[in-house]
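Note sheet for the following structure.
The values are calculated or read from the model by the stated rules, or taken from the named source; none is laboratory data. Because the structure is a prediction, the values reported are computed rather than measured. Counting neighbours? That spans all protein chains shown, and the Cβs are built from the backbone with ideal geometry, glycine included. The area values use the complete protein model at the heavy-atom level, side chains included, leaving out ligands, DNA and RNA. Shrake-Rupley method; radii C 1.70, N 1.55, O 1.52, S 1.80 Å.
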Amino acid sequence: MKLLVVGGAGYIGAVTVELLLAQNHEVVVLDNLCRGHEPAVPSKAKFFKGDMGSAEDLNEIFKSGKIDAVMHFGALSLVGQSVEQPALYFRNNVTHGMTLLDVMIANGVKKFVFSSTASVYGEPHSSPITEDFPLIPSSPYGDSKLAYEKILKWYANAYGLMYTALRYFNVAGATETIGEDHEPETHLIPLVLQAARGARPHITIFGDDYPTPDGTGIRDYIHVKDLAAAHLLAVEALKTPGQNSIYNLGSGKGFSVKEIIEVARQVTGKAIPVEVGPRRAGDPSILIASSQKIQDELGWAPKYGALETIIGDAWKWHQKYPNGYGREQANV
Ligand code: UDP
């Protein structure tokens, strides 16, 4: 297949590009580099710096050779920032994302894999979470993703779009060459590893008074390589006009913030100083996925789900690229 990967210079997008290339698919990456890093794009992919909100940029790609399918990772994804700047989030994640769909359809491209999120569930009543749980996002970020899922459904109905929306839980880990390099970094595992390296004085636990066994928040961590594999299965399964599916993606096990820090201490052999701070606004206490549906329907199964593997791979990457991408050691 020849695939367009929008947001392929970002963390999850670039890992997926790497996998697609390893499976001998042809890949064009479109990324405006507002969050992504050009050195993260594997050299065998064709890189196009541009915007999914620009029909001109998109047409240039679609006219330059037949594209069989599109994977869309090109969203803004910071919950807190989305509360401060909802216009930015709805414009990028919904309006610009619609331009992408419209230009696709106009060029006869109908296969689409979308990066959705567990944030569409808001604060769920229980775990594990199945796809039929109530959809009550508690941020503009989650709402923008849900709005886009709804748009996809109607596009499938009217235009025969075939799509899979993957609702990610907590993604972590790395490949040999691609890892997490966000600015600002807000995610637990990279922050814990920064503390392990001494790049920050300590990790702050956001609240230890949650209704969980050790009082800290519980999340379902999935290895980015397992997530990339799900994208490949998803696109390969798209065959019939209008067909559409939504799947949760996690490892099916929950770990608390304290458990993550403890495993990180074992994996890194470092002390990792900790401070306890207040809760972060909007953080649910427990989010654990049921990924049964994608296991049953697409045969997906996490291969790298052990926490030691997820944190160990992230640690290797952080040691290899202590300053992230774009610096002297990052030339992948
Ligand atoms: N967390 C924390 N300290 C940090 C960052 C995160 O205690 O510096 C907690 C957060 O409250 C949540 C978990 O770690 O319970 C995972 O947070 P992350 O931001 O990685 O992902 P989220 O679940 O918010 O998507």
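See the values below:
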| quantity | calculated |
| --- | --- |
| Potential extension, SER54-MET1 segment - 0.36 nm per residue separation minus Cα distance | 16.7 nm |
| Accessible surface ranking that places the most exposed of LYS153, LYS2, LYS293 first, with a 1.4 angstrom probe | LYS153, LYS293, LYS2 |
| Linear extension gain, GLN23 paired with GLU176, 0.36 nm per residue minus alpha-carbon span | 53.4 nm |
| Reach of LYS145 by Cα under 18 Å, taken over aspartates and glutamates that are not fewer than 8 positions away in the same chain | GLU84, ASP102, GLU123, GLU131, ASP132, ASP283 |
| Estimated distance in nm for a label pair at HIS202 and LYS150, the labels positioned 7 Å out from Cα along Cα-to-Cβ | 4.4 nm |
| Packing-based order for 124-135, 249-260, 38-49, using average beta carbon neighbours within 10 Å, highest first | 249-260, 38-49, 124-135 |
| Axial C-alpha extent at least 15 Å, average Kyte-Doolittle at least 0.0 - helices from the chain (DSSP) | 11-22, 224-236, 257-268 |
| Pairs from LYS49/LYS293; LYS2/LYS316; LYS44/LYS225; LYS225/LYS258; LYS111/LYS253 whose Cα-Cα separation, in the structure shown, is over 28 Å | LYS49/LYS293; LYS2/LYS316; LYS111/LYS253 |
| Percent carbon-and-sulfur accessible area, the chain, ignoring ligands, DNA and RNA, probe 1.4 Å | 51 percent |
| Antiparallel bridges, percent of DSSP beta bridges restricted to the range 202-332 (to nearest 5) | 25 percent |
| Estimated 222 nm signal from helices in the chain, with DSSP H stretches of n ≥ 4 weighted -39500 (n - 2.57), rounded to 500 | -10500 deg cm²/dmol |
| Accessible area expressed per residue, the chain, with surrounding protein chains retained (probe 1.4 Å, Å²) | 42 Å² |
| Calculated FRET efficiency for the pair GLU38/GLU236, C-beta based, R₀ 45 Å, to 0.05 | 0.95 |
| Label-to-label distance, nm, for residues given as GLN292 and LEU135 (7 Å Cα→Cβ offset) | 2.1 nm |
| Stretchable slack from ARG265 to GLN85, in nm (0.36 nm times residue separation minus alpha-carbon distance) | 61.2 nm |
| Within a Gaussian network of the chain (alpha carbon springs, distance under 10 Å), most fluctuating of GLY312, GLY217, GLY198 | GLY198 |
| The range 185-247: trypsin sites (Lys or Arg not before Pro) falling in loop per DSSP and having at most 15 other Cβ within 10 Å | LYS239 |
| Largest-first ordering by accessible area, 1.4 Å probe, given options ILE189, ILE286 | ILE286, ILE189 |
